[in-house]
Amino acid sequence: MRKQNYTVEQIIVKLREAELHCRAGKTISEAVKSHGITENTYYRWRKEYGGMDTAG
């Protein structure tokens, strides 16, 4: 499987979408699978990019 490189903006969008799925009642595992990433990637991204915003 080829490694996908995401931009910072794409990562932030995926994190927000995953959190919205979790608020809707899905588990983290279900949410990240629907976005094509692993749980480890999700937690690593959240640690690194969690407080960022895509604006400006």
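Taking segment 24-54 as the range and being open to solvent by 60 Å² or more (accessible area, probe 1.4 Å) and not in a loop (DSSP other than H, G, I, E, B) as the test, the residues that pass are 30, 33, 34, 39, 40, 43, 44, 46, 47, 48.
Listed here are the residues, each with its yes/no results for (1) modelled with pLDDT of 90 or more; (2) among the basic types (Lys, Arg).
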{"residue": "10", "(1), (2)": "yes, no"}
{"residue": "17", "(1), (2)": "yes, no"}
{"residue": "23", "(1), (2)": "yes, yes"}
{"residue": "28", "(1), (2)": "yes, no"}
{"residue": "40", "(1), (2)": "yes, no"}
{"residue": "51", "(1), (2)": "no, no"}
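Please determine, by comparing only the residues of segment 6-23 that are over 9 Å from the mean Cα position of the chain (by Cα) and touching a residue at least 12 places away in the same chain (Cβ under 8 Å), which one is most open to solvent (accessible area, probe 1.4 Å). Looking at the filtered set, the residue picked out is 9.
The values are calculated or read from the model by the stated rules, or taken from the named source; none is laboratory data. Small disclaimer: the values here were computed from a predicted structure and weren't measured. No Cβ is skipped: glycine too gets one built from the backbone with ideal geometry, and neighbour counts run over all protein chains shown. For the accessible areas, the whole protein counts, side chains as well, though only heavy atoms, and no ligand, DNA or RNA atoms are used. Shrake-Rupley method; radii C 1.70, N 1.55, O 1.52, S 1.80 Å.
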